[in-house]
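Undergrad: Shown below is the structure under consideration.
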Amino acid sequence: MSALISPSSLNATRESMLREIRPSNMQTNGLDEPVRRSIKELLLPLFVQVGTSAHSLRADSVGFWRRGSDRYWLPRIIFRGTPCEEPTIRLAIFAGIHGDEPAGTLALIDFLQFMEENPFLGRACHLYIYPLCNPTGYEDGTRSSRSGYDLNRQFWQGSLEPEVALIERELMQHRFDGIIALHSDDTSEGLYGFARGATMTEHLLKPALAAAQAALPVNEASIIDGFHAVNGIIHTAYDGILSAPPGTRPAPFEIILESPHHAPMDAQRHACVLALTEIVREYRRMVAYGANL
Ligand SMILES: [Zn+2]
């Protein structure tokens, strides 16, 4: 496949696809029936990225379920950077758990491209990417899944929602060193994040927000989303959010990154890529420092 497509035509294709799928509010077909957004169109650029990858990317499905007569699946992309003598770092990145926040999914296209183009950054890195955790919500343009649940309040509570059960299984199986969830907030004018899990998390989120400031400002309010915040960092969170299995030791770092929903999509994507790459860089630095103690 890669032999038949030149990089410039691929970029042009990717750009034209992205123009078409940039999020719009839900449309109707004139009969007041909602027109569903296309998951295939959203994910196609990611799969083009995988299909034209030299070696480091592969895509598969974590599992599927039925909703009425439709079948849905939870996509996963695995990035394996060049092995080296350094310890392998295993991170999970989740996006699209709220169906009306496609910025994270789109940012992951850019992030994976960046990681492929910068193999030194990705060395000894195993990234498990879950780009669309709420496919029915994406189709409908809603925060909740089609079953009516906010999936990000359902974790580790015995939820029977298939999306939640599949993600919980992944989290238990892979024992990640770090977990990152991408969201966007329509009440915030700037970037911010939740730091949870291991105590090092704040020391990852701080430089990540600083790096992302090149694209978008940080929300400096003392209360964000109802929580006490300092320099765009919040330490508490809602119950039932996507997180490591309760009691996991050692605790992984856990970051929820929120981009301002109303900011230009390109800026949100750029900010996410800057933040994610800084987290990878900084985490590796910490692991190297810890290993040399
Ligand atoms: Zn969200």
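The values are calculated or read from the model by the stated rules, or taken from the named source; none is laboratory data. From a predicted model like this one, the values you see are computed outputs, not experimental measurements. For neighbour counting, all protein chains shown are included, and Cβ atoms are generated from backbone atoms with ideal geometry for every residue, glycine included.
Undergrad: Looking only at segment 117-149, filter to residues that are among the charged types (D, E, K, R) and either over 20 Å from the mean Cα position of the chain (by Cα) or surrounded by fewer than 18 Cβ atoms within 10 Å (Cβ to Cβ) (or both); which one of those is nearest to His183 (Cα to Cα)? Lay out the reasoning, then the answer.
TA: Filtering segment 117-149 down to residues among the charged types (D, E, K, R) leaves 117, 123, 139-140, 143, 146.
Then drop every residue that is not either over 20 Å from the mean Cα position of the chain (by Cα) or surrounded by fewer than 18 Cβ atoms within 10 Å (Cβ to Cβ) (or both), which leaves 117, 123, 143, 146.
Working: Glu117: 25, Arg123: 26, Arg143: 11, Arg146: 19 Å.
In this case the residue turns out to be Arg143.
So that you can scan it fast, the table gives a plain yes or no per residue for (1) at pLDDT 95 or above; (2) within 16 Å of the ligand (Cβ to nearest atom); (3) more than 24 Å from Ile167 (Cα to Cα); (4) among the hydrophobic types (A, V, I, L, M, F, W, C):
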site: Leu204; (1), (2), (3), (4): yes, no, no, yes
site: Ala214; (1), (2), (3), (4): yes, no, yes, yes
site: Asp239; (1), (2), (3), (4): no, yes, no, no
site: Arg249; (1), (2), (3), (4): no, no, no, no
site: Pro252; (1), (2), (3), (4): yes, no, no, no
site: Asp266; (1), (2), (3), (4): yes, no, yes, no
site: Glu278; (1), (2), (3), (4): yes, no, yes, no
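Undergrad: Something else about it: Of the numbered conditions (1) away from the ligand (no atom under 16 Å from the Cβ); (2) more than 27 Å from Pro264 (Cα to Cα), Ala208 fails exactly one; give the number of that condition.
TA: (2)
Undergrad: Exactly one condition in (1) out of contact with any strand residue (DSSP E or B) (no Cβ under 6 Å at 6 or more places or on another chain); (2) free of Cβ contacts under 8 Å to residues at least 60 places away in the same chain; (3) surrounded by fewer than 18 Cβ atoms within 10 Å (Cβ to Cβ); (4) of a type in the set (S, T, N, Q) is false for Gln157; which is it?
TA: The failed condition is (2).
Undergrad: Sticking with this structure for a sec: What residue, among those in segment 160-197 that are touching a helix residue (DSSP H, G or I) at 6+ places or on another chain (Cβ under 7 Å) and either at pLDDT below 95 or among the charged types (D, E, K, R) (or both), is nearest to the ligand (Cβ to nearest atom)? Show your work before the answer.
TA: If we filter segment 160-197 for residues that are touching a helix residue (DSSP H, G or I) at 6+ places or on another chain (Cβ under 7 Å), which is where we start, we get 161, 163-164, 178, 180, 182-184, 191, 193, 195.
Remaining after also requiring either at pLDDT below 95 or among the charged types (D, E, K, R) (or both): 161, 163.
Details: Glu161: 16, Glu163: 14 Å.
By that ranking, first place goes to Glu163.
Undergrad: Check every one of the strands (runs of 3 or more DSSP E) wholly within segment 166-230 and list those with 1 or more residues that are among the acidic types (Asp, Glu). If you could, list the steps in order and put the result at the bottom.
TA: Numbers: elements: 178-185, 192-197, 227-230.
Where strands (runs of 3 or more DSSP E) fall fully within segment 166-230 and carry at least 1 residues being among the acidic types (Asp, Glu), they are 178-185.
Undergrad: I would also like to ask the following. Looking at (1) touching a strand residue (DSSP E or B) at 6+ places or on another chain (Cβ under 9 Å); (2) at pLDDT 95 or above, which is the one condition that is false for Gly99?
TA: (1) is the only condition that Gly99 fails.
Undergrad: Of the numbered conditions (1) part of a helix (DSSP H, G or I); (2) out of contact with any Cys (no Cβ under 8 Å at 6 or more places or on another chain); (3) modelled with pLDDT of 95 or more; (4) away from the ligand (no atom under 14 Å from the Cβ), Tyr138 fails exactly one; give the number of that condition.
TA: (4)
Undergrad: Okay, moving on. Can you work out which of the residues in segment 78-123 that are farther than 18 Å from Glu41 by Cβ and touching a Gly at 6+ places or on another chain (Cβ under 6 Å) is nearest to the ligand (Cβ to nearest atom)?
TA: Within segment 78-123, the match that is nearest to the ligand (Cβ to nearest atom) is Leu91.
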